[in-house]
1. Kindly indicate which of 123, 60 is at pLDDT 95 or above and among the hydroxyl-bearing types (Ser, Thr, Tyr).
2. Every residue in the stretch 77-98 that is assigned to a loop (DSSP other than H, G, I, E, B) and among the β-branched types (Val, Ile, Thr), please.
3. Checking residue 57 against (1) charged (D, E, K, R); (2) out of contact with any Cys (no Cβ under 7 Å at 6 or more places or on another chain); (3) within 16 Å of residue 23 (Cβ to Cβ): exactly one of these is not met. Which one?
4. Would you check if residue 79 is within 12 Å of the ligand (Cβ to nearest atom), in contact with a Cys (Cβ under 9 Å, 6 or more places away or on another chain) and farther than 30 Å from residue 129 by Cβ?
5. Can you give me the number of residues within the stretch 52-109 that are touching a residue at least 60 places away in the same chain (Cβ under 8 Å) and surrounded by 15 or more Cβ atoms within 10 Å (Cβ to Cβ)?
6. Considering only the stretch 1-19, state which residues are more than 12 Å from the chain's Cα centre (by Cα) and touching a residue at least 12 places away in the same chain (Cβ under 8 Å).
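The values are calculated or read from the model by the stated rules, or taken from the named source; none is laboratory data. Just so it is clear, the structure is predicted and the values come from calculations on it, not from any experiment. Here Cβ is always computed from backbone atoms with ideal geometry, including for glycine, and neighbour counts include all displayed protein chains.
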Amino acid sequence: MIVRRLEELDGTDRSVSDTTWTSRRLLLASDGMGFSMHDTILHAGTETPMWYRNHVEAVYCVEGEGEIEDLERGEVHPIAPGTLYALDRNDRHVLRARTQLRMICVFNPPLVGPETHDEDGAYPLLTADGEPAGA
Ligand code: 9YT
């Protein structure tokens with residue numbers, strides 16, 4: 001059994017930041033669960049374009065107010081605590097945080113650990129060693 005607490009991740013390589021977000025990666029590929037699980041903060045007043053070409057992701061809002069724009073369909077959906085979105089078609093999207101958002105995210109395949117967004121807002125597929133898959 002794995003028991004882990006959010007505060008244990010601060011200051012470790014399981015806490016990853018980019019300009020608009022900080023993510024605490026509670027479960028990663030090395031934990032052997034078949035998915036990764038993240039507690040992610042999106043900073044107030046930011047927007048983050050993303051396109052997970054290589055992963056499916058489900059995101060559940062537990063704090064804050066914002067919106068998600070589905071760039072495939074041109075639809076905008078409000079985000080509030082209790083809202084889930086699932087990117088079941090590798091959908092390109094923009095997440096806008098009106099206030100700070102706190103999101104619980106699950107990825108399949110699991111993230112390995114060091115990934116940050118590439119120029120398209122995607123994460124690369126990595127091997128367990130953190131090297132590009134297929135390289
Ligand atoms: C809200 C969202 O898309 N989160 C993605 C995961 C997070 N940015 C991370 O752990 O990299």
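1. Step by step, each of 123, 60 is checked, and only 60 is at pLDDT 95 or above and among the hydroxyl-bearing types (Ser, Thr, Tyr).
2. 83
3. Answer for residue 57: the failing condition is (2).
4. Yes: the conditions hold for residue 79.
5. 12
6. Scanning the stretch 1-19 gives 2, 4, 6, 9, 10, 13, 14, 19.
This table checks each residue for (1) of a type in the set (Val, Ile, Thr); (2) on the phi < 0 side of the Ramachandran plot; (3) surrounded by 13 or more Cβ atoms within 10 Å (Cβ to Cβ); (4) away from the ligand (no atom under 14 Å from the Cβ).
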position: 2; (1), (2), (3), (4): yes, yes, no, yes
position: 10; (1), (2), (3), (4): no, yes, no, yes
position: 13; (1), (2), (3), (4): no, yes, no, no
position: 40; (1), (2), (3), (4): yes, yes, yes, no
position: 43; (1), (2), (3), (4): no, yes, yes, no
